[in-house]
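Structure record follows, encoded as structure tokens.
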Amino acid sequence: MSRAVAFGDAPDDWRTRAVDAIPGGCSTGSKRPIALYGTRAADPGVPSHYDRAEGCRVWSTDGRRFVDCGMALGAVGIGYADPAVTRAVQEAAAQGNVSSLPHRLEVEVAEALIEVIPSAEQVRFLRTGAEATAAAVRIARAVTGRERLIACGYFGWFDWSSDAVGVPASVREAVTWVPFNDVPALEAALDAGELPAAIIIEPLVHEVAGDAWLTAARRGADRVGAVLIFDEIKTAFRVRTGGVQALTGIVPDLSTIGKALANGYPLAAVVGRAAVMDAATQTWISSTAAAETTGLAAARAVLAWHDQVDVCGRMAASGAQLRTIIGAALVDAPWVGVCAEGPPVMWRLTADLPERLDALVAAAARHGILLKRGAYQFGAVAHDEAAFADIAQALPVVVDALRPELQRMGDP
Ligand SMILES: Cc1ncc(COP(=O)(O)O)c(C=O)c1O
């Protein structure tokens, strides 16, 4: 039976087609129209889909070119279609990306990660961040024989860390959520209720966690016999190659890594102390595509980048430039009511009224700049002088265009 609509043969209204074919319009929550543009999701002129991305630029399906400040939710640290990464992936695909045997790349990349991540003595690969954090929690529960978790951060969409509709109450009840950087709250959670299997925290939420909180987590986990897990999906290969733990020297038992690890190819891992990681053999953590070679080859190319260049320094410098240029334009335009905040390497746009941010993001997109709404902006190695110049030229025009409308919303 032939399909009613052949590939490449249907109308170009990708937004309508996406909403018809895909619940919410996109399989990645943060790329749904509502997540990209909020109340401005239906505005004419905001791009919905892309055809091509290279360096720090994206070309939309209607042929417009954008400077990207969100870099695929931080999955891309070097740049889109980086030639070295692309070559590595093409070679891996041409050599047979899977077989009935594991590939030697799995061993080589595991060994390389053990060299660069302070907490890593062993490694298990997975495809996504949610899988990696679920695996870390499973290992912690297996090694301790306990169920309760103390958590702070975002860990992906899986049941264990979600309060979304459809998650059983019994699963949610196993997690005590604590506020970021709050030592007394963490200590109170440790002293209340059942002994925890793990403390699992993101070591950077809007800012790098203070030494006091990370130390309290390390000492608290040791005191009660829990596994300390740092979720470094966003921060490894970005804040430092070895993550926040390489910056602070406070080393967890397990860490999860992903995103910039493979410059946008799907690869994540749980890494950690061999004595804890060994519990992976006592439970069942496995996926058919876990060690598929294109992601591993991408990671090897990224590791080579980090060997040759101060990639994290370059990402921080790019992020700082982006924040300075955009932040200055926003300071000069107080009627917009949006601020640039956070560490240069991953910073955010904040507003008292979400509608102000929606208006800014939509207007910037109409003028060739992709800003991420409700999450971080990420500097990449590929952000260059031409991109900074484009932003510096566009932003004053964007904020001026918003003046009448946003002044009507009242003082920020
Ligand atoms: C800290 C952290 N952990 C886990 C995840 C989930 O990763 P993924 O979306 O690849 O499943 C994310 C995604 O943004 C994240 O930022």
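Brief remarks follow.
Quick grid of which residues meet (1) modelled with pLDDT of 95 or more; (2) closer than 30 Å to Val302 by Cβ; (3) among the β-branched types (Val, Ile, Thr):
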| site | (1), (2), (3) |
| --- | --- |
| Ser2 | no, no, no |
| Glu54 | yes, yes, no |
| Ser60 | yes, yes, no |
| Tyr80 | yes, yes, no |
| Arg87 | yes, yes, no |
| Val98 | yes, yes, yes |
| Leu101 | yes, yes, no |
| Val107 | yes, yes, yes |
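- The combined condition, being in contact with a Leu (Cβ under 7 Å, 6 or more places away or on another chain), of a type in the set (Val, Ile, Thr), within 16 Å of the ligand (Cβ to nearest atom) and on the phi < 0 side of the Ramachandran plot, is fulfilled by Val178.
- Some residue of region 85-92 being farther than 13 Å from Thr256 by Cα, within 16 Å of the ligand (Cβ to nearest atom) and not in a loop (DSSP other than H, G, I, E, B): no
- Answer residue from region 109-122, given it is under 18 Å from Arg240 (Cβ atoms) and not β-branched (Val, Ile, Thr) and is modelled with the lowest pLDDT among those: Ser119
- Complete set of residues in region 126-171 that are surrounded by fewer than 21 Cβ atoms within 10 Å (Cβ to Cβ), acidic (Asp, Glu) and in a helix (DSSP H, G or I): Asp159
- Scanning region 31-52 for residues that are under 18 Å from the mean Cα position of the chain (by Cα) and farther than 11 Å from Ala365 by Cα yields Lys31, Arg32, Ala35.
- Test: Ala290 is over 22 Å from Ala389 (Cβ atoms), at pLDDT 95 or above and away from the ligand (no atom under 15 Å from the Cβ): no
- Residue identified as touching a strand residue (DSSP E or B) at 6+ places or on another chain (Cβ under 9 Å) and surrounded by fewer than 19 Cβ atoms within 10 Å (Cβ to Cβ) among Thr39, Thr61: Thr61
- Residue ID - nearest to the ligand (Cβ to nearest atom), chosen from residues in region 59-83 that are among the aliphatic types (A, V, I, L, M) and under 15 Å from the mean Cα position of the chain (by Cα): Leu73
The values are calculated or read from the model by the stated rules, or taken from the named source; none is laboratory data. If you're wondering where the values come from, they're calculated on a predicted model, not measured in any experiment. Methodologically, a virtual Cβ is constructed for each residue, glycine included, from the backbone with ideal geometry; neighbour enumeration extends over all protein chains shown.
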